[in-house]
Amino acid sequence: IHFIDLSYRYKDSNVLALNKINLAVKKNTVIGIVGHVGSGKSTILKILGGILNPSDGNLLFDNLSYQNFNWAKFRSKISYVSQDVFLFSDSIRNNIAFGVDSVTDSDLVNITKDLCFLDEIKLFKNGFDTYIGEGGVTLSGGQKQRVSLARALIRKPKFLLLDDALSNVDSSTEIKIMNFLKTNFKETTIILTSNRLSVLNYCSKIFVLKSGKLVQEGGHVDLIEQEGEYRKLFCNQMRL
């Protein structure tokens, strides 16, 4: 994936959400995007998912421009988990299996176990058939995120876009989930944003945004050792 001088401006805004971004993502790697609120992280994921089109510049997939891309076909290979979890007024089972044919009980057990959620589901009276209400009102924030993540993963996507998708789970669960993703989705390109810099330890490369501009890129250790935005973000989080 290549971003070439890519910019994006939201309608009725005088400010570029993304300003001439140039970056490259290798296939089957785990990539992190970090920055303060409003830096452009979510906008990048929405462009990668075909939700938004660039205002200027180009986006290439294997040297093919997004303008010539079969997005309908490509979207079938993408799983996107947004910051705002969307769940149906339905059972846990149907929320996870949505859009996928022939999901078995074994599939549900395996994916929820790997996401450290199975034991919690067993505590519900009706297990996977528990009705969760509109927007998942009967679930905690972390449980809603894991239902959404299970729905994304059960499709076995080639591209997994995670927009702060683990923000409501505790740190030990987060580590287990990241280890699971790194071990079992080696043939998936994973691009994630996170306000928890601990997640970024798992990324082979990190892109740092500030006010819509790409200001740093590199590995976690290298970026920590450099003066710059990433170290500031890390140090600020350590003080919390």
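The values are calculated or read from the model by the stated rules, or taken from the named source; none is laboratory data. Note that the structure is a prediction, hence the values are computed from the model and not measured. Cβ atoms come from the backbone with ideal geometry, glycine included; neighbour counts cover every protein chain shown. These accessible areas exclude ligands, DNA and RNA; they are computed on the full protein's heavy atoms, side chains included. Shrake-Rupley method; radii C 1.70, N 1.55, O 1.52, S 1.80 Å.
Summary of computed values
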{"read-out": "Aspartates and glutamates whose Cα lies under 16 Å from that of Lys27, excluding same-chain neighbours fewer than 8 positions away", "value": "Asp62, Glu187"}
{"read-out": "Approximate spin-label separation Asn28-Asn68, in nm, with each point projected 7 Å along Cα-to-Cβ", "value": "2.6 nm"}
{"read-out": "Shape call, the range 96-150: gyration tensor on alpha carbons, a/c limit 1.5", "value": "rounded"}
{"read-out": "Shape category assigned to the range 61-136 from the gyration tensor of Cα positions, a/c cut at 1.5", "value": "prolate"}
{"read-out": "Cleavage-rule hits (chymotrypsin sites (Phe, Trp or Tyr not before Pro)) in the range 15-77: DSSP loop, at most 16 neighbouring Cβ within 10 angstrom", "value": "Phe69"}
{"read-out": "Kirkwood hydrodynamic radius over Cα pairs of the range 2-70, then Stokes diffusion coefficient at 20 °C and 1.002 mPa s, in µm²/s", "value": "170 µm²/s"}
{"read-out": "Residue-count net charge about Phe128 - beta-carbon cut-off 9 Å; Lys, Arg +1, Asp, Glu -1", "value": "-1"}
{"read-out": "Within the accessible area of the range 150-240 (1.4 Å probe), percent carbon and sulfur", "value": "50 percent"}
{"read-out": "Equivalent ellipsoid, the range 105-240 (semi-axes from 5 times Cα gyration tensor eigenvalues, Å)", "value": "31, 16, 13"}
{"read-out": "Two-decimal ratio, the range 1-42, of alpha-carbon radius of gyration to 2.2 N^0.38 Å", "value": "1.31"}
{"read-out": "Placed amide H near Gln216: partners under 5 Å, 5+ positions off or other chain", "value": "Val208"}
{"read-out": "Selection of trypsin sites (Lys or Arg not before Pro), the range 41-148, meeting DSSP coil and at most 16 other Cβ within 10 Å", "value": "Lys77, Lys125"}
{"read-out": "Euclidean distance between Cα centres, the range 82-125 to the range 189-240, Å", "value": "31 Å"}
{"read-out": "The chain, Cα convex hull volume normalised per residue, Å³", "value": "137 Å³"}
{"read-out": "Residue-wise HN-Hα coupling along the range 26-31, computed from phi with Karplus coefficients 6.51, -1.76, 1.60 (Hz; x: Gly, Pro)", "value": "7, 4, 6, 10, 9, 10"}
{"read-out": "Cα pair distances of the range 173-218 binned at 10 Å [whole percent]", "value": "22, 52, 22, 3"}
{"read-out": "Inter-label distance, nm, simple model (7 Å from Cα along the C-beta direction), Asp12/Val137", "value": "2.9 nm"}
{"read-out": "Per residue accessible area in Å² of the range 89-240, where ligands, DNA and RNA are left out and the probe is 1.4 Å", "value": "50 Å²"}
{"read-out": "Inter-label distance, nm, simple model (7 Å from Cα along the C-beta direction), Lys113/Thr183", "value": "1.2 nm"}
{"read-out": "Positive minus negative residues near Gly228 (Lys, Arg vs Asp, Glu; Cβ under 13 Å)", "value": "-1"}
